[in-house]
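As structure tokens, the structure follows; a few thoughts come after it.
None of the figures in this text is laboratory data; all of them are computed from the coordinates on show. Quantities reported herein were computed from a predicted structural model and do not represent experimental measurements. Reconstructed Cβ throughout: ideal geometry from the backbone, glycine too, with neighbour counts over all protein chains shown.
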Amino acid sequence: MLFGGRSGEHEVSLLSAASVLQAIDKDKYEVVPIGITKDGRWLTAEHAENLLQGKLVIEPRHLRAGDPEITQPAAVLARGEAVVVPPEPVHRQSGFVPFQTDASHLRRASDRAINVDVIFPVLHGTFGEDGTIQGLLELADIPYVGAGVLGSAAGMDKDIMKSLFIAAEIPIVKHVTVLRSAWENEPKKLRQLVERKLKYPVFVKPANLGSSVGISKAHNSKELGPAIEEAARFDRKIVIEQGVGGKKHKAREIECSVLGNDEPAASVPGEIVPVKEFYDYNAKYLDEGSELVIPAKLTKAETKRVQELAIRAFKAVDCSGLARVDFLMDPVMRKICVNEINTMPGFTAISMYPKLWAASGLDYPDLIDKLIHLGVERHEDKKKNQYSR
Ligand SMILES: Nc1ncnc2c1ncn2[C@@H]1O[C@H](COP(=O)(O)OP(=O)(O)O)[C@@H](O)[C@H]1O
Ligand SMILES: [Mg+2]
């Protein structure tokens, strides 16, 4: 199990990992915890369970996950030993080797290698959910949970994701993508372009991020510039979208969990009711009061529509294993659009993804089990491919 990582969702990942570590069937699986520090070092510790005495406290609202006294994952990060995954297939064995900069240690590294059967990258956001870690695991030829390189990368990039949704005739809100360099060179022209295509309020987002970081709502022309500059701090591509709900209303936020490989299934939909004007970083992780409603209050036909669109979105970005598909619904017209797909959604026992499966009859430990099997299945399927004549 990989967790932590260099992204802004490091702490969220520690919580997800702590939950998995606690719930996974320990008679069936022997878990090797590998923590990735904020600056990208990989660390492991034998018997992560023993690093902490007593019961795990999950306090997602306060993000104290990084405290080594609070979660086992944080304890691994604080006390672990360095390891790496070599980017080459190791026949019949695969996994981690100790990492030392001193060459004499490296020579004996193979004796202390940790062989694993499958890797569960419980990593959110940049370098975890965007295809980069998946690329390493492909090179190392180790089965892993979740989407592959392409699905992860396409699901992470809101601009590319939208192109794929449009090609699959999946309804999305109107949008314009602008490059940071274009904004720097010709701000006037870009403002005109945005205002010709969209009406205020608009949402301005960095194309590749998550957890609402860098996202703002521009209510008028005056707020557009600062919103674009904020997003431009995080990415060279900026996505600007028509705000659902318009000036008077808030969008309804419906989410649906998808599970499977070539024949994915959709869960019952749920709804998020944020405390704030929109579901920003504070509403997600810090402020109390945002509500999860499961199942979402939708008509039978709307529920079916959400589930059907969730599966189509999953296939459109070539996903596998799991994904949470998020929707925006106009509260008055009840028009449903896909907002985004998350290929490694929040995964604590109390996160939306697992809760929607629990409400659909698959509880958390069985969900973990199923995901691991899907990862292995995908790897087996890939083995059928020849790479040369
Ligand atoms: N077009 C939109 N109309 C209304 N609300 C939006 C729109 N886009 C985003 N939001 C609000 O902003 C939040 C974060 O946007 P989202 O695209 O989901 O980014 P992230 O990948 O960071 O979760 C959403 O959960 C929703 O509250
Ligand atoms: Mg979102």
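How large is the Kirkwood hydrodynamic radius of region 114-270, in angstrom, based on all distinct alpha carbon pairs?
With all distinct Cα pairs of region 114-270 included, I get 17.5 Å.
Can you tell me which of 31-37, 84-90 comes out highest on packing, and rank the rest after it, using the mean Cβ neighbours within 10 Å?
For the peptides 31-37, 84-90, the packing ranking is 31-37, 84-90.
With an 8 Å cut-off on Cα pairs and a minimum separation of 6 or more residues, tell me the relative contact order of region 154-250 in percent.
Normalised by residue count, the contact order of region 154-250 is 35 percent.
Given a 10 angstrom Cα cut-off, can you work out which residue in Arg312, Arg196, Arg180 is the most mobile in a GNM of the chain?
Among Arg312, Arg196, Arg180, the largest GNM mean-square fluctuation belongs to Arg196.
Mind listing which GluC sites (Glu not before Pro) in region 251-300 are in a DSSP loop and have 13 or fewer other Cβ atoms within 10 Å?
For GluC sites (Glu not before Pro) across region 251-300 that sit outside H, G, I, E and B with at most 13 neighbouring Cβ atoms in 10 Å, the list reads Glu277, Glu288.
Pairwise over distinct Cα atoms, reciprocal of the mean inverse distance: report the Kirkwood radius of region 177-237 in Å, one decimal place.
Radius from the Kirkwood sum: 11.5 Å.
Before anything else, pin down the relative contact order of region 243-344: Cα pairs under 8 Å, at least 6 apart, normalised by residue count, whole percent.
34 percent
For region 142-183, state what percent of all Cα-Cα pairs lands in each successive 10 Å bin, counting from 0 Å until the bin that includes the largest distance.
The distribution over region 142-183 is 23, 42, 26, 8, 0, given as percents.
Taking a temperature of 37 °C and a viscosity of 0.692 mPa s, what whole-number D in µm²/s does Stokes-Einstein yield for region 190-294 with Rh from Kirkwood over alpha carbon pairs?
The estimated diffusion coefficient comes to 214 µm²/s.
Can you bin the chain into rounded, prolate or oblate? Criterion: square roots of the alpha carbon gyration tensor eigenvalues sorted a ≥ b ≥ c, rounded for a/c under 1.5, prolate for a/b above b/c, oblate for the rest.
prolate
Classify region 238-307 as rounded, prolate or oblate, taking a ≥ b ≥ c as the square roots of the eigenvalues of its Cα gyration tensor: rounded when a/c is under 1.5, otherwise prolate if a/b is larger than b/c and oblate if not.
Prolate is the answer for region 238-307, as a/c is 1.5 or above and a/b outweighs b/c.
Quick one: grab the alpha carbon gyration tensor of region 274-321, order the square roots of its eigenvalues as a ≥ b ≥ c, and give me rounded if a/c is under 1.5, else prolate or oblate depending on whether a/b is larger than b/c.
Oblate is the answer for region 274-321, as a/c is 1.5 or above yet b/c matches or exceeds a/b.
Determine the equivalent ellipsoid of region 127-200 by diagonalising the alpha-carbon gyration tensor, then write out the semi-axes as square roots of 5 times the eigenvalues, largest first, rounded to whole Å.
Here the semi-axes work out to 33, 16, 7 Å.
Cut-off 10 angstrom, C-alpha nodes, Gaussian network model of the chain. Which of Met344, Met352, Met333 fluctuates the most?
Met333
Considering only DSSP states other than H, G, I, E and B, which chymotrypsin sites (Phe, Trp or Tyr not before Pro) in region 298-389 qualify as loop sites with at most 13 other Cβ atoms within 10 Å?
Passing both the DSSP loop test and the Cβ count: Tyr387.
Given springs between every Cα pair under 10 Å in a Gaussian network model of the chain, which of His175, His249, His373 has the largest fluctuation?
Looking only at His175, His249, His373, the largest GNM fluctuation is found for His249.
Given N residues in region 247-389, what is Rg(Cα) / (2.2 N^0.38 Å)?
1.14
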